[in-house]
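Notes for the one structure printed next.
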Amino acid sequence: MNAPASAFRSRAVIATAAVLGLGLIGYALFSRQTDEERIAEVLTELEESVSFEAPPNPLTHAATLRGRFAKLVAPDVIVDVPERSLIARGRDDLARLAVVGTTRLQSFDVTFTLENLRVDGDAAKAGVEVLTEAAHGNQPRMSTRHADLEFVKADGDWRLSAAHVLEASDE
């Protein structure tokens, strides 16, 4: 009588382990981040990449941006800021313009607020509000702009491929 009870317990343990294993596999498959969540993460990482609290060394800052942009920005990215007559073509040009544009600042902070996002296969378009706070000396200046962004998915990673920044509405 002990042998059948022992066999029953062994089967119960095996069945429980199988159910747990299937549950973990299901969790791994279905709990992955959505494309929308991954694009929002790229925006957060871009915010962190370009923001600073104290004036960085321009050479170090440029090298840091190039490294971060390699992960977050498509190689042939185009960023257009007509208000300032700026067009960046490619990662290196974008990093150069980001450094030049913030050289005289004591601090710089940018926040992207995702207003709309449409994912279509390996491409996505987003509308964002861009809030910047730039301090030149002790005078912080805030401005808000709207930007139309495009993203591409390459090797499973989303990267910014284009940005068109509209005119500022200073506060």
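The values are calculated or read from the model by the stated rules, or taken from the named source; none is laboratory data. All of these numbers come straight from a predicted model, not from anything done at the bench. Methodologically, a virtual Cβ is constructed for each residue, glycine included, from the backbone with ideal geometry; neighbour enumeration extends over all protein chains shown.
Of everything in segment 157-171 that's over 26 Å from Thr34 (Cβ atoms) and not hydrophobic (A, V, I, L, M, F, W, C), which residue is modelled with the lowest pLDDT? Looking at the filtered set, the residue picked out is Glu171. Scanning segment 149-171 for residues that are within 18 Å of the chain's Cα centre (by Cα) and either surrounded by fewer than 16 Cβ atoms within 10 Å (Cβ to Cβ) or of a type in the set (Lys, Arg) (or both) yields Lys153, Ala154, Asp155, Gly156, Asp157, Arg159, His164. For Phe108, the requirement of being in a strand (DSSP E or B), among the hydrophobic types (A, V, I, L, M, F, W, C) and within 26 Å of Pro56 (Cβ to Cβ) is met.
Condition (residue is small (Gly, Ala, Ser), within 22 Å of Ala74 (Cα to Cα), assigned by TED's automatic domain parsing to the domain that holds Glu48 and loosely packed, with under 13 Cβ neighbours inside 10 Å) applied to segment 126-138: is it met by at least one residue? Within segment 126-138 (the criterion being small (Gly, Ala, Ser), within 22 Å of Ala74 (Cα to Cα), assigned by TED's automatic domain parsing to the domain that holds Glu48 and loosely packed, with under 13 Cβ neighbours inside 10 Å), the answer is no, since none of the residues qualifies. In segment 116-131, the residues that are more than 23 Å from Glu48 (Cβ to Cβ) form Cβ pairs under 9 Å with partners that are among the hydrophobic types (A, V, I, L, M, F, W, C) and modelled with pLDDT under 95, at six or more places apart or across chains, as follows: Asp122/Ala154. Within segment 32-68, the set of residues being touching a Pro at 6+ places or on another chain (Cβ under 9 Å) and closer than 18 Å to Gly156 by Cα is empty. Here Asp92 fulfils each of the conditions (1) in a strand (DSSP E or B); (2) surrounded by 13 or more Cβ atoms within 10 Å (Cβ to Cβ); (3) acidic (Asp, Glu) apart from (1).
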